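Enquirer: Please see the structure below; I have some questions.
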Amino acid sequence: MSRAWLEREFPFLTHRNFDITSPKDGNYNCIAFAAGESDRNWWPTDLGGYYWPPGVPMEPTVEVFKVAFEQLGYQETTDLTHVPGVEKVALFVKHGKPTHMARQLDDGRWTSKLGTEVDISHREASDVGGEAGRGYGEIELIMKRRRMSDSS
Amino acid sequence: MAIADRPASAGFPSQQGASSGLAKISELVAPWSSPLAEVRGQQPAVGKLIKHDWLAYGPDIQIEQVRPEAMVIVQLGSEFPDLASRDNTAQLFLELAEVWENEVAHLSTLEEIVQRPEYQRIIRLGDMVIPLIFDRFKYGAPKWFWALRSIAGYDAARDARTSAEATAMWKDWGAQQGYLTSS
């Protein structure tokens with residue numbers, strides 16, 4: 001996946017606002033990456049090889065994703081700005097369904113795993129958004145927790 | 001016009017006065033349900049057979065030295081029905097997989113990934129495509145777990161804790177079931 005491909009697929013990504021930070025890897029997805037993992041896919045399913053926190057309903061809804069990340073110590077907020085010592089994640093939805101999560105780095109930029117493809121860092125959380133079939137839709141939920149370590 | 005009695009994957013006999021190289025087949029005249037599948041060879045070009053759906057040819061087909069504008073008639077479905085069917089399925093699988101992988105590469109939403117028409121069609125091809133799915137693991141295994149479970153009716157990676165574990169479990173299952181020569 002080239003930068004040009006990414007810029008076509010994501011209407012708000014430009015040559016100035018993102019960097020590719022990893023090789024392609026299908027062994028983890030954006031939800032796992034937002035949770036700080038890179039060896040499995042997170043999704044609310046009982047499919048073997050996928051993970052979902054025990055006790056959290058297996059339904060792909062915003063509320064269920066909120067519960068899952070509450071188990072990691074996150075709580076809901078409305079503020080996307082960078083606050084030193086605070087780690088934030090943003091959940092995107094399209095047509096009411098979760099599509100993506102991005103995580104804020106300790107320098108204020110954001111990082112996203114793009115499906116089975118690469119990780120990128122991007123200037124604003126919304127850089128990977130977009131409607132009309134391109135991008136991950138709109139940010140529906142923001143959560144924060146105290147930054148525990150350098151999890152970039 | 002030439003008639004080949006060999007299966008498609010065996011290639012064609014040479015044509016007098018023909019150019020060398022592979023022929024790109026651009027049009028299929030008769031449906032696969034017919035015992036006589038008729039294809040039209042256009043300008044000779046190097047490349048693999050593309051652009052078909054239910055056509056019964058394998059990915060390694062080499063149609064040699066077909067003249068420009070020549071018509072090639074291939075007898076299928078009688079002498080080598082299994083071979084023709086297998087090659088047809090393999091080619092169809094590859095086409096569907098490539099389209100699907102490109103379309104879902106940036107997605108994490110499992111429901112959207114597995115509900116794509118191409119993926120659902122692959123599942124409907126049945127256990128004949130299981131070895132092909134394993135071969136596709138090199139481009140990313142987890143997105144194939146749903147198809148394997150759907151086709152096998154069994155989740156070999158039910159207890160996996162990581163993607164690597166799940167991949168290994170499916171390969172072990174594939175070897176045990178005879179879909180892989182080794183895990």
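Enquirer: Would you check which residues across region A:116-141 are more than 12 Å from chain B (Cβ to nearest Cβ), open to solvent by 30 Å² or more (accessible area, probe 1.4 Å) and part of a loop (DSSP other than H, G, I, E, B) and list them?
Expert: Hits for region A:116-141 are A:123, A:124, A:131, A:132.
Enquirer: Being more than 14 Å from chain A (Cβ to nearest Cβ), modelled with pLDDT under 95 and part of a helix (DSSP H, G or I) is the requirement here; does residue B:112 meet it?
Expert: Values: more than 14 Å from chain A (Cβ to nearest Cβ): no; modelled with pLDDT under 95: yes; part of a helix (DSSP H, G or I): yes.
Spelling it out, it is not the case that residue B:112 is more than 14 Å from chain A (Cβ to nearest Cβ), modelled with pLDDT under 95 and part of a helix (DSSP H, G or I).
Enquirer: Consider residue B:103 carefully, then state whether it is within 14 Å of another protein chain (Cβ to nearest Cβ), at pLDDT 95 or above and not in a loop (DSSP other than H, G, I, E, B). Outline the logic, then answer.
Expert: Numbers: within 14 Å of another protein chain (Cβ to nearest Cβ): yes; at pLDDT 95 or above: no; not in a loop (DSSP other than H, G, I, E, B): yes.
Here the answer is no, as residue B:103 does not meet what is asked.
Enquirer: Right, here's the next one. Give the residues of region A:24-38 that are open to solvent by 40 Å² or more (accessible area, probe 1.4 Å) and under 20 Å from residue A:104 (Cα atoms), sorted by residue number. If you could, list the steps in order and put the result at the bottom.
Expert: First, the residues of region A:24-38 that are open to solvent by 40 Å² or more (accessible area, probe 1.4 Å): A:24-25, A:27, A:36-38.
Of everything in region A:24-38, those that are open to solvent by 40 Å² or more (accessible area, probe 1.4 Å) and under 20 Å from residue A:104 (Cα atoms) turn out to be A:36, A:37, A:38.
Enquirer: Can I ask one more? Among the candidates A:64, A:89, A:93, single out the residue that is without any contact (Cβ under 8 Å) to a residue 24 or more places away in the chain and open to solvent by less than 20 Å² (accessible area, probe 1.4 Å). Spell out how you get there, then give the answer.
Expert: Details: A:89 fails: without any contact (Cβ under 8 Å) to a residue 24 or more places away in the chain; A:93 fails: without any contact (Cβ under 8 Å) to a residue 24 or more places away in the chain.
Checking each option against the conditions leaves just A:64.
Enquirer: Which residues, taken from region B:157-183, are more than 10 Å from chain A (Cβ to nearest Cβ), without any contact (Cβ under 8 Å) to a residue 12 or more places away in the chain and touching a helix residue (DSSP H, G or I) at 6+ places or on another chain (Cβ under 7 Å)?
Expert: Residue satisfying the conditions is B:182 alone.
Enquirer: Kindly provide the set of residues from region B:157-183 that are among the polar types (S, T, N, Q), open to solvent by 30 Å² or more (accessible area, probe 1.4 Å) and in a helix (DSSP H, G or I), ordered by number.
Expert: B:176
Enquirer: Considering only region A:58-68, I want to know if a residue exists there that is in a loop (DSSP other than H, G, I, E, B) and either touching a helix residue (DSSP H, G or I) at 6+ places or on another chain (Cβ under 7 Å) or of a type in the set (Gly, Ala, Ser) (or both). Before the answer, list the steps.
Expert: Taking region A:58-68 and keeping what is in a loop (DSSP other than H, G, I, E, B), we get A:58-61.
Still in the list and also either touching a helix residue (DSSP H, G or I) at 6+ places or on another chain (Cβ under 7 Å) or of a type in the set (Gly, Ala, Ser) (or both): A:60.
Scanning region A:58-68, I find at least one residue that is in a loop (DSSP other than H, G, I, E, B) and either touching a helix residue (DSSP H, G or I) at 6+ places or on another chain (Cβ under 7 Å) or of a type in the set (Gly, Ala, Ser) (or both), so the answer is yes.
Enquirer: In region A:67-82, is there at least one residue being open to solvent by less than 50 Å² (accessible area, probe 1.4 Å), within 14 Å of chain B (Cβ to nearest Cβ) and in contact with a Pro (Cβ under 8 Å, 6 or more places away or on another chain)?
Expert: yes
Enquirer: Looking at B:119, B:154, which one is within 14 Å of another protein chain (Cβ to nearest Cβ) and not in a helix (DSSP H, G or I)? Don't jump to the end; show me each part of the working.
Expert: Numbers: B:119 fails: not in a helix (DSSP H, G or I).
Every option except B:154 fails the conditions.
Enquirer: When you go through A:53, A:44 one by one, which is the residue that is in a loop (DSSP other than H, G, I, E, B), out of contact with any Asp or Glu (no Cβ under 8 Å at 6 or more places or on another chain) and either at pLDDT below 95 or open to solvent by less than 40 Å² (accessible area, probe 1.4 Å) (or both)? Walk me through how you get there before you give the answer.
Expert: Details: A:44 fails: out of contact with any Asp or Glu (no Cβ under 8 Å at 6 or more places or on another chain).
So the residue among A:53, A:44 that is in a loop (DSSP other than H, G, I, E, B), out of contact with any Asp or Glu (no Cβ under 8 Å at 6 or more places or on another chain) and either at pLDDT below 95 or open to solvent by less than 40 Å² (accessible area, probe 1.4 Å) (or both) is A:53.
Enquirer: Return a yes/no flag: does region A:57-65 have any residue that is hydroxyl-bearing (Ser, Thr, Tyr) and either touching a Lys or Arg at 6+ places or on another chain (Cβ under 7 Å) or within 11 Å of chain B (Cβ to nearest Cβ) (or both).
Expert: Just the residues of region A:57-65 that are hydroxyl-bearing (Ser, Thr, Tyr), to begin with: A:61.
Going one step further and asking which of them are either touching a Lys or Arg at 6+ places or on another chain (Cβ under 7 Å) or within 11 Å of chain B (Cβ to nearest Cβ) (or both), we end up with none.
Within region A:57-65, none of the residues are hydroxyl-bearing (Ser, Thr, Tyr) and either touching a Lys or Arg at 6+ places or on another chain (Cβ under 7 Å) or within 11 Å of chain B (Cβ to nearest Cβ) (or both).
Enquirer: Let me confirm something: among A:93, A:89, which residue is in contact with a Gly (Cβ under 8 Å, 6 or more places away or on another chain), within 14 Å of chain B (Cβ to nearest Cβ), more than 25 Å from residue A:4 (Cβ to Cβ) and in a strand (DSSP E or B)? Break it down stepwise before answering.
Expert: Numbers: A:89 fails: in contact with a Gly (Cβ under 8 Å, 6 or more places away or on another chain).
After ruling out the rest, the residue left standing is A:93.
Enquirer: Is region B:82-99 home to any residue that is modelled with pLDDT under 50 and not small (Gly, Ala, Ser)? Explain how you work it out, then say what you get.
Expert: Going through region B:82-99, the residues modelled with pLDDT under 50 turn out to be B:82-84.
Adding the requirement that they be not small (Gly, Ala, Ser) leaves B:82-83.
There is at least one residue in region B:82-99 that is modelled with pLDDT under 50 and not small (Gly, Ala, Ser).
Enquirer: A follow-up question, please. Being free of Cβ contacts under 8 Å to residues at least 60 places away in the same chain and among the acidic types (Asp, Glu) narrows it down to one of A:131, A:124, so name that one.
Expert: A:131
Enquirer: Would you say residue B:134 is hydrophobic (A, V, I, L, M, F, W, C), open to solvent by less than 50 Å² (accessible area, probe 1.4 Å) and facing another protein chain (nearest Cβ under 9 Å)?
Expert: Details: hydrophobic (A, V, I, L, M, F, W, C): yes; open to solvent by less than 50 Å² (accessible area, probe 1.4 Å): yes; facing another protein chain (nearest Cβ under 9 Å): no.
No; evaluated as a whole, the condition is false for this residue.
Enquirer: Still on this structure: So how many residues does region A:1-23 have that are more than 8 Å from chain B (Cβ to nearest Cβ) and open to solvent by 20 Å² or more (accessible area, probe 1.4 Å)?
Expert: So the count comes out to 16.
Enquirer: Does residue A:113 satisfy the condition of being farther than 28 Å from residue B:153 by Cα, within 13 Å of chain B (Cβ to nearest Cβ), surrounded by fewer than 23 Cβ atoms within 10 Å (Cβ to Cβ) and not acidic (Asp, Glu)? Can you show your working first?
Expert: Numbers: farther than 28 Å from residue B:153 by Cα: yes; within 13 Å of chain B (Cβ to nearest Cβ): yes; surrounded by fewer than 23 Cβ atoms within 10 Å (Cβ to Cβ): no; not acidic (Asp, Glu): yes.
Considered against the rule, which asks whether it is farther than 28 Å from residue B:153 by Cα, within 13 Å of chain B (Cβ to nearest Cβ), surrounded by fewer than 23 Cβ atoms within 10 Å (Cβ to Cβ) and not acidic (Asp, Glu), residue A:113 comes out as no.
The values are calculated or read from the model by the stated rules, or taken from the named source; none is laboratory data. This one's a predicted model, so the numbers in the text were calculated from it and none came from an experiment. No Cβ is skipped: glycine too gets one built from the backbone with ideal geometry, and neighbour counts run over all protein chains shown. Ligands, DNA and RNA are stripped out before the accessible areas are found, and what is left, the full protein with its side chains, is counted by its heavy atoms. Shrake-Rupley method; radii C 1.70, N 1.55, O 1.52, S 1.80 Å.
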